[in-house]
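*Asks:* Okay, handing you the structure first.
Derivation of every value follows stated rules applied to the coordinates shown; laboratory data play no part. None of the values given here were measured: they were computed from a predicted structure. A quick note on method: Cβ atoms are made from the backbone with ideal geometry, for glycine too, and the neighbour counts reach across all protein chains shown.
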Amino acid sequence: MSDVERECHQHAVGVFDSSLTEYDFGPQHPMAPVRIDLTMRLAAALGVTGPGGLELVPAPMASLDEIATVHDGALIESVERLGRRGGADLGRGLGSEDNPVFDGMHLAAAHVVGASLEAFRRVGSGSALHAVNITGGLHHAMPDRASGFCVYNDIAVGIRWLLDQGVERVAYVDVDVHHGDGVERIFWDDPRVLTISLHETGQMLFPGTGFPEDLGGPDAQGTAVNVALPPGTSDAGWLRAFHAVVPPLVRGFEPQVLVTQHGCDSHLDDPLAHLMLTIDGQRAAYQALHELAHEVCGGKWVVTGGGGYALVDVVPRAWTHLLAIVGGGAIDPGTAVPQDWREHVRTRMGRVAPMRMTDGRTPAYRDWREGFDPDTWLDRAVHATRSAVFPMHGLDPWP
Ligand SMILES: [Zn+2]
Ligand SMILES: [Zn+2]
């Protein structure tokens, strides 16, 4: 363990209660909470959490006032009412196929917000250097409506809290395969928050937004950044795009806190989208963000989960790597998946679980500074983002 890792290890927390799995849209819904349970079981089986690993702390419930720092009273009232009596409020995104109403919906969603808020408080107060809530990352929720499996926007409530504490600059990086539209919208015209989303292009995928020319409101031009990736983008292309855009902008912005959303639905096995990353590429992205937090923010790093619908093959491994990195004890990709966990998956899910913590790839990419090829969709996408936004930060868009 290096000195930096030792520091992370002593000052990192995971926020978790098993009752967070009550955020559950029902058996037909892709965002099955078993993905969280399987992740926490795998992390524990590998010693990533528990004695000697990442310290877990309980998740409080967010108050109505805390949720109302981002959301309209009318939405909150509707979520509470429908969660007691059922029904639908399609104008507020509730009761749709994506966001079915369920019993206790408000309490479950408020708990997710409370868990993320606890992570933000720990980092904001300095009591932790890194803090993670894998059940958070509900980045599509809008001030006035639920969207894309997201009822309340826990990330935005947390960032708002940091700003209310006097934090002057927050960078938010969203690596979920879908555009982080809710967080972007909420801070669209706020120059204190830089949002960067890398996602499969909205031409192909929900929510259909997040293009290079979307740059933020009149008071915050250049603080919304979007990389709209072509379908089929794999580790090498994704990491090439990430490194061409994220580190230079984050360094230039000089945030005091880095907030990252780690939807793992960019994996080639994910059923809802069309990127082709492996666990190894995702792990490389998590490590790059960890290093960036240390380089730029003195290590102040708030981490959430996000999407991810390959419940057995991807989410548990991806987020166990994430928890391990946050906890300062990254696990070797070649590590065997513990047999007890594989047996649990077999009996509970009737599925054969992966054997190793790797997909067997060594993530590598060609650096943008070596030049780019305008004949490829990927490079055109990266160049479109760089040329739209880099000049606004005094950066040269050309390699
Ligand atoms: Zn660290
Ligand atoms: Zn997603």
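*Asks:* Can you list residues from other chains, or at least 5 along the same chain, whose modelled amide H is less than 5 Å from the amide H of residue 276?
*Replies:* Amide H neighbours of residue 276: 232, 233, 234.
*Asks:* Let me ask another. Is it possible to state the helix-based mean residue ellipticity at 222 nm for the chain, with each DSSP H run of 4+ residues giving -39500 (n - 2.57), the sum divided by total residues, to the nearest 500 deg cm²/dmol? What is it?
*Replies:* Values: 12 runs with 149 residues, N = 399.
It lands at -11500 deg cm²/dmol.
*Asks:* Here's something else I'd like to know. What is the spin-label model distance, in nm, from residue 165 to residue 127 if the labels are put 7 Å beyond Cα along the C-beta direction?
*Replies:* Here the modelled spin labels are 1.0 nm apart.
*Asks:* By the gyration tensor of its Cα atoms, with a ≥ b ≥ c the square roots of the eigenvalues, what is the shape of the stretch 3-393: rounded for a/c under 1.5, prolate for a/b over b/c, or oblate?
*Replies:* Details: a/c = 1.26, a/b = 1.05, b/c = 1.20.
Rounded shape, in that the Cα axes give a/c under 1.5.
*Asks:* Ok, one more. Grab the Cα-Cα distance for residue 351 and residue 63, subtract it from 0.36 nm times how many residues apart they are, and report the gain in nm with one decimal. List each step's numbers first, then the result.
*Replies:* Working: separation 288, 0.36 × 288 = 103.68 nm, distance 3.92 nm.
Contour length minus the Cα-Cα distance gives 99.8 nm.
*Asks:* May I pose another question? Of the DSSP beta bridges with both residues in the chain, give the percent that are antiparallel, rounding to the nearest 5.
*Replies:* Approximately 10 percent, going by the DSSP bridge assignments.
*Asks:* Evaluate the charge dipole of the chain about its Cα centre and quote only its size in Debye, nearest 20, assuming +1 on the Cβ of each Lys and Arg and -1 on the Cβ of each Asp and Glu. Walk me through the intermediate numbers first.
*Replies:* Numbers: 29 positive and 51 negative charges, 135 e Å.
Roughly 640 debye, rounded to the nearest 20.
*Asks:* Here's something else I'd like to know. Could you work out how much longer the chain between residue 287 and residue 367 gets when fully extended? Use 0.36 nm per residue separation minus the Cα distance between them, nm to one decimal. Intermediate values should be presented prior to the final figure.
*Replies:* Values: separation 80, 0.36 × 80 = 28.80 nm, distance 1.69 nm.
My answer for the length gained is 27.1 nm.
*Asks:* Using the number of other C-beta atoms within 10 angstrom as an exposure proxy, rank 55, 118 with the fewest first. Please list the in-between numbers first.
*Replies:* On the way: 55 15, 118 23.
Ordered from fewest to most neighbouring Cβ atoms within 10 Å, 55, 118 come out as 55, 118.
*Asks:* How big is the gap, in Å, between the Cα center of the stretch 172-207 and the Cα center of the stretch 229-302?
*Replies:* 13
*Asks:* Once the piece of chain linking residue 380 and residue 396 is laid out straight, how much longer is it, given 0.36 nm per residue of separation minus the C-alpha distance between them? Before the final figure, lay out each step's value.
*Replies:* Numbers: separation 16, 0.36 × 16 = 5.76 nm, distance 1.61 nm.
Working it through step by step, the gained length comes to 4.2 nm.
*Asks:* On to the next question. Considering amide H positions built from the backbone, and no H for Pro or chain starts, which residues 5 or more places from residue 54, or on another chain, come under 5 Å of its amide H?
*Replies:* Those lying under 5 Å, H to H, from residue 54 are 49.
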